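The values are calculated or read from the model by the stated rules, or taken from the named source; none is laboratory data. No experiment lies behind these values; they were computed from the predicted model shown. Every residue, glycine among them, receives a Cβ derived from its backbone with ideal geometry; neighbour counts consider all protein chains shown.
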Amino acid sequence: MPPLRGPASGAWGRLRPVNVDPLEVYGLPSKGETRLSDFKTQERYYGKIVERYLEFCTDAKGRDGLLQRFASMDLSDKANKPPPAWRATARGGGPSSAPQRENSSSSASTYSSPSTSAASAATTGGTVVVVPTPESIAALAAASRDLTMVLAALRKLREAIVATGRADDFATQVYLFCIRLAILAKHHQSYHPAILHLLRSIHRRRPLNSAELQEVAVYRVLDAACRRGDLAEAYHLRCLYKLRNTTVDTALRALAQDDWVALQRLVGIGGGSSGSGHARGACADSHQVKLLEYAVHNMRVHTLKCFGRAYLRLEDVGFLEASTGLGWTGLQKDYNVGWELDAKAVVIRKMQAKAPGPAATTAAGSK
């Protein structure tokens, strides 16, 4: 008998199975996804999210490597913003236009660039030259994709929690994890709505303990003061939550008084010719430092304006670098400073010789 036409037994087994990432199995509940309405499914999905984040932390190989990854990743919208509009020339010394307020921190380039944290450095003539390698760039791109996927999965889970009206210990744990992770990644689109829902909805039905409430309240106050630049709201929230926090008090006082030195100490910015010193502040932890960094750009611009108005010439460029927490190259590249460097001196403004008046010209001609 001739063989039967059609698919034989097991013929479909030759097709390759579709590899679907566990974090991309579900869609957004706001777009019609209903499978995340089950509480057990939410908990299993959260376990997969935590597992992926732990893999991300393990690949970083230590705390310093993890902080460098977070510092070098750009998950905010600052990459689409124009460079600072401030420029000072050697003739005028003042700003040609007012600086534009940025929602995202432009000071990330102060600490590291996307290729700095995982690149090889070579020293030439006393200057450290960072040379990115293809392996480091590929590793950083993969890590950035993983972190973006984790944040996207957390958004799906948060939407499912809101849709089901869940307000228990699991919901609090998910929101705290999302807030802390998004702050380290400086992704305000994730942590800001999470903070508002946690404080306004979940906390009213399932009160947070005192430590959790103070932690989230500190994040909300610092976000209002540093990222959104609303000091009035920040002081109102500080009184509303009855905060007694050294970091909050010092930060609000520094922003209200334009005290760049106090903010430097909180953030832990170190000056010097390298222009990339970053350490934990004396009072602020890593999450608080990430929020404080939003205010660094405007405070540094204010400091540069003060130098432009007060000085004609600085004899040591190191003093300017230590005062701004950024190297001379970084000041020219990131802030478009048009001052001139004469050996180690910085020429801010040049005084032009006055032309002789008409009376002096007549007297000289009569002689």
Taking the stretch 16-47 and keeping only residues that are touching a helix residue (DSSP H, G or I) at 6+ places or on another chain (Cβ under 7 Å), in contact (Cβ under 8 Å) with a residue 40 or more places away in the chain, in a helix (DSSP H, G or I) and not hydroxyl-bearing (Ser, Thr, Tyr), one is left with LEU23, PRO29, LEU36, GLN42, GLU43
LEU326, sole failed condition from (1) over 22 Å from the mean Cα position of the chain (by Cα); (2) assigned to a loop (DSSP other than H, G, I, E, B):
(1)
Conditions (1) modelled with pLDDT under 95; (2) of a type in the set (Ser, Thr, Tyr); (3) under 22 Å from LEU181 (Cα atoms) -> THR246 fails only (3)
Is at least one residue of the stretch 282-297 modelled with pLDDT under 90, under 23 Å from VAL346 (Cα atoms) and either out of contact with any Lys or Arg (no Cβ under 6 Å at 6 or more places or on another chain) or assigned to a helix (DSSP H, G or I) (or both)?
no
VAL174 - would you say it is of a type in the set (Val, Ile, Thr), assigned to a helix (DSSP H, G or I) and buried (at least 22 other Cβ atoms within 10 Å of the Cβ)?
yes
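Listed here are the residues, each with its yes/no results for (1) without any contact (Cβ under 8 Å) to a residue 60 or more places away in the chain; (2) among the acidic types (Asp, Glu); (3) farther than 18 Å from LEU222 by Cβ.
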{"site": "MET149", "(1), (2), (3)": "no, no, yes"}
{"site": "ALA153", "(1), (2), (3)": "no, no, yes"}
{"site": "ALA163", "(1), (2), (3)": "no, no, yes"}
{"site": "ASP169", "(1), (2), (3)": "yes, yes, yes"}
{"site": "VAL174", "(1), (2), (3)": "no, no, yes"}
{"site": "HIS188", "(1), (2), (3)": "no, no, no"}
{"site": "TYR191", "(1), (2), (3)": "yes, no, no"}
{"site": "LEU199", "(1), (2), (3)": "yes, no, no"}
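Residue-wise test of (1) crowded, with 18+ Cβ neighbours inside 10 Å; (2) β-branched (Val, Ile, Thr); (3) free of Cβ contacts under 8 Å to residues at least 40 places away in the same chain.
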site: LEU208; (1), (2), (3): yes, no, yes
site: GLN214; (1), (2), (3): no, no, yes
site: ALA217; (1), (2), (3): yes, no, yes
site: LEU222; (1), (2), (3): yes, no, no
site: ALA234; (1), (2), (3): yes, no, yes
